[in-house]
Structures are given as structure tokens and as C-alpha cells.
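> First the structure, which I've put down as C-alpha cells, then a few questions once you've had a look.
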Amino acid sequence: MQFSKFSIIIDCKEIIMEKQNQPDLEKQDQPTRALTKRLQQKLDYVTTVRQAITAGDDRLIYELIDGDHYHQALLNEEPDPTRNAQVDLITDVYPAISHYLSTKLIDYLAHEYPFFYYEETQLGEFQIYFGNWWDRRRFGKLNVLKVAFEFSSEEYNKLQKTFELAPAHKRFNTDRIQQISAGSDQLQKLIDAQSDRDAQKEELRQQLKENGQRNSLFDSGRIKEERQQIIDQLTKLADEDEQANNAHATMKDNEAKILTLSKEDTILAYEKQAIENAFKSFENFNERNRSLYVDYLTTLIGKAQVAADGE
């Protein structure tokens with residue numbers, strides 16, 4: 001079969017045009033390879049998390065869920081947000097991870113903070129209770145993923161104030177109780193002074209009657225002023241009578257308030273004693289709270305090293 005020179009030229013041109021119309025496979029492979037690499041990194045990350053959970057390697061899990069904090073806190077490295085590039089892949093299962101990590105963490109805390117008790121109110125969320133005594137206080141939350149206490153500011157401030165007042169031999173509610181007690185004492189005085197007020201009212205009514213019988217064009221201003229003063233005194237005595245009539249109910253309410261405040265002071269005294277037994281001082285307690293993440297992770301690292309040495 002013979003081909004003319006012309007037909008060969010046409011075929012060559014068609015081949016060249018076909019090559020020009022085809023995509024550059026080499027260039028196309030670059031973004032494809034980048035994509036597959038990123039996908040593989042994601043798969044590797046999730047696989048590593050799964051393997052760490054299966055192996056019970058809590059230390060590694062903490063590094064995987066917040067690598068940047070881990071490297072800063074434990075390795076003294078500079079911040080690097082890229083360490084947490086993959087964490088969004090597992091945020092939807094954080095509650096389950098928190099539940100899983102809580103077992104060893106709470107065992108550790110039971111030894112270090114023997115006065116704290118925990119209740120899992122929903123998956124991975126833990127409330128902190130101070131003490132196992134009657135009427136104990138809910139003190140805040142335990143953030144398992146961050147290995148941190150999130151105390152109620154109101155309850156924490158009460159405890160802090162209790163420590164501050166202790167050198168003066170005062171309790172948190174001492175001033176409030178004294179104020180309420182003084183109010184009850186004043187009400188009792190009003191009750192005891194009823195006969196004196198009755199005598200004063202009788203005398204003032206007589207003065208008011210005499211004032212009304214005066215009729216002088218020259219002293220009318222002074223008479224009106226005296227009359228008003230008498231009325232004001234009678235009004236004041238009437239107000240005191242009303243307070244005295246309600247005094248017993250008010251004093252009963254005050255007794256209930258004082259009882260409630262005294263109970264709170266007792267609970268705060270228990271809490272203060274518990275902290276002093278475990279940490280010697282409130283300052284040591286706070287310092288330990290600040291270092292809790294490093295302390296706990298260091299413990300996990302130490303246990304892992306012991307296990308590795310024993311193999």
C-alpha cells in the first residue's frame with residue numbers, strides 16, 4: 001500500500017493537533033497528587049486516633065486533639081496552629097472522646113483532689129461537686145479534653161473570701177448575720193417599748209387637743225407649726241406600732257435567714273478544711289489547678305515509659 005507525500009503530511013498535522021487538544025497529564029497529576037496526599041493525611045490522622053483509643057494511649061489522644069497546646073505546655077515549643085489542622089475531622093465525636101478519657105482522669109483526680117466528686121450529666125460533660133457531705137455545693141464543671149476545672153465564679157469567690165476572712169476569725173456571712181441580728185434586736189426593742197409609746201401617744205393627743213383650742217391671730221403660724229410637729233410625732237409612733245405588730249413574723253423570717261447563712265458558713269468551713277488538708281493553703285490549691293494539664297500528662301508519659309521499660 002502506497003501513501004502519497006501529501007497524505008503523510010496531513011496525517012502528521014492531525015496527530016499534532018490531537019496532541020495539542022489533549023490535557024497535560026503531567027501537570028494535571030500535580031494537584032491530584034496534592035489532593036490524594038491531603039486525603040491520606042486525614043485518613044492517617046483519624047486512623048491514629050482510632051488506634052490510640054484501641055490501645056488505651058490517652059497521652060497520644062491528648063496530643064492528637066490539641067497538638068499545639070500539648071507541644072507548648074509539655075515541650076516548651078512555640079505556637080504552631082498547623083499542629084491542629086486535622087482536629088475538625090473529629091469534633092463531632094468530642095463528647096464520646098471526653099467520656100472515654102474521663103475514666104483515667106477522674107481516677108487521677110480522686111487521689112489529687114479527694115474532696116471533688118463528679119457526675120456525668122450527659123455524654124462527656126461532668127459537673128463537679130465539692131465534698132460528700134449533706135447539702136454539698138455544685139462547684140462547676142470538669143473539662144476533660146482540656147484537663148481543666150471550670151469553677152462557678154460565684155461559688156469560687158465565696159470560698160476565696162472565706163480564706164481571706166479567716167485570719168480575722170470571721171466567716172463569709174459574719175457581717176450579714178450580725179446585720180440581721182441587729183435588726184431583730186431593734187424589733188424586740190419596739191415590742192418591749194409598746195407601753196411607753198402608748199403613754200406618749202396619749203400625751204401627744206392631749207397636746208393636739210389643746211393646740212386646737214388655741215385661737216390667736218398673732219400666733220397662728222406658731223400654733224400651726226406646733227400642731228404639725230405633734231402630728232409628725234404621732235405618725236412616727238404609729239409607724240413603730242405597725243413595725244411592732246409585724247415584728248414577730250419578721251423576726252421569724254430573720255431566724256430562718258440566719259440559719260441558712262450559718263449552714264452556708266458551715267459548708268464553706270468544711271471546704272476550707274478539705275483544701276488545707278490536701279494542699280496546705282488556698283494558694284497551693286490554685287497553683288495546682290493551673291498546672292493540672294502538665295501534671296496529668298506528665299503522669300501519663302511516666303506510666304507509658306514504665307510500661308515500655310517492662311516489655
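The values are calculated or read from the model by the stated rules, or taken from the named source; none is laboratory data. Note that this is a predicted model, so its numbers are computed, not measured. Cβ: placed from backbone, ideal geometry, glycine included. Neighbour counts: every protein chain shown.
> Name every residue in the stretch 145-159 that is within 14 Å of the chain's Cα centre (by Cα) and either assigned to a helix (DSSP H, G or I) or of a type in the set (A, V, I, L, M, F, W, C) (or both), in order of residue number.
Ala148, Phe149, Phe151, Ser153, Glu154, Glu155, Tyr156, Asn157, Lys158, Leu159
> For the stretch 23-102, give me every one of the helices (runs of 4 or more DSSP H) that falls completely inside it and has 2 or more residues that are surrounded by 10 or more Cβ atoms within 10 Å (Cβ to Cβ) and under 25 Å from the mean Cα position of the chain (by Cα).
Output list reads 58-65, 67-75.
> Quick check on Thr235: is it hydroxyl-bearing (Ser, Thr, Tyr) and in contact (Cβ under 8 Å) with a residue 40 or more places away in the chain?
no
> A further question on this structure: Look at Gln243 and say whether it is surrounded by 12 or more Cβ atoms within 10 Å (Cβ to Cβ), part of a helix (DSSP H, G or I) and either modelled with pLDDT of 80 or more or in contact with a Cys (Cβ under 6 Å, 6 or more places away or on another chain) (or both). Can you show your working first?
Values: surrounded by 12 or more Cβ atoms within 10 Å (Cβ to Cβ): yes; part of a helix (DSSP H, G or I): yes; either modelled with pLDDT of 80 or more or in contact with a Cys (Cβ under 6 Å, 6 or more places away or on another chain) (or both): no.
No.
Rundown of residues vs (1) within 30 Å of Arg136 (Cα to Cα); (2) more than 40 Å from the chain's Cα centre (by Cα); (3) at pLDDT 80 or above; (4) part of a helix (DSSP H, G or I), yes/no style:
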{"position": "Ser181", "(1), (2), (3), (4)": "yes, no, yes, yes"}
{"position": "Arg205", "(1), (2), (3), (4)": "no, yes, no, yes"}
{"position": "Asn215", "(1), (2), (3), (4)": "no, yes, no, no"}
{"position": "Glu226", "(1), (2), (3), (4)": "no, yes, no, yes"}
{"position": "Asp232", "(1), (2), (3), (4)": "no, yes, yes, yes"}
{"position": "Thr260", "(1), (2), (3), (4)": "yes, no, yes, yes"}
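> Can we say Gly140 is in contact with a helix residue (DSSP H, G or I) (Cβ under 6 Å, 6 or more places away or on another chain), of a type in the set (Gly, Ala, Ser) and either surrounded by 15 or more Cβ atoms within 10 Å (Cβ to Cβ) or under 30 Å from Asp265 (Cβ atoms) (or both)?
no
> Is it fair to say Tyr117 is touching a residue at least 12 places away in the same chain (Cβ under 8 Å), in a helix (DSSP H, G or I), within 24 Å of Ser281 (Cβ to Cβ) and aromatic (Phe, Trp, Tyr)?
No.
> Another one. Taking the stretch 130-171 on its own, how many of its residues are closer than 22 Å to Asp295 by Cβ and basic (Lys, Arg)?
The qualifying residues number 2.
> Can you pull out the residues in the stretch 164-188 that are among the acidic types (Asp, Glu) and within 15 Å of Ser262 (Cα to Cα)? If you could, list the steps in order and put the result at the bottom.
First pass over the stretch 164-188, keeping only residues among the acidic types (Asp, Glu): 164, 175, 185.
Once the filter is applied, which keeps residues that are among the acidic types (Asp, Glu) and within 15 Å of Ser262 (Cα to Cα), the stretch 164-188 yields only Asp175.
> Still on this structure, please answer the following. Report whether or not Ala256 is among the hydrophobic types (A, V, I, L, M, F, W, C), free of Cβ contacts under 8 Å to residues at least 40 places away in the same chain and farther than 28 Å from Lys170 by Cβ.
For Ala256, the condition - among the hydrophobic types (A, V, I, L, M, F, W, C), free of Cβ contacts under 8 Å to residues at least 40 places away in the same chain and farther than 28 Å from Lys170 by Cβ - is not met.
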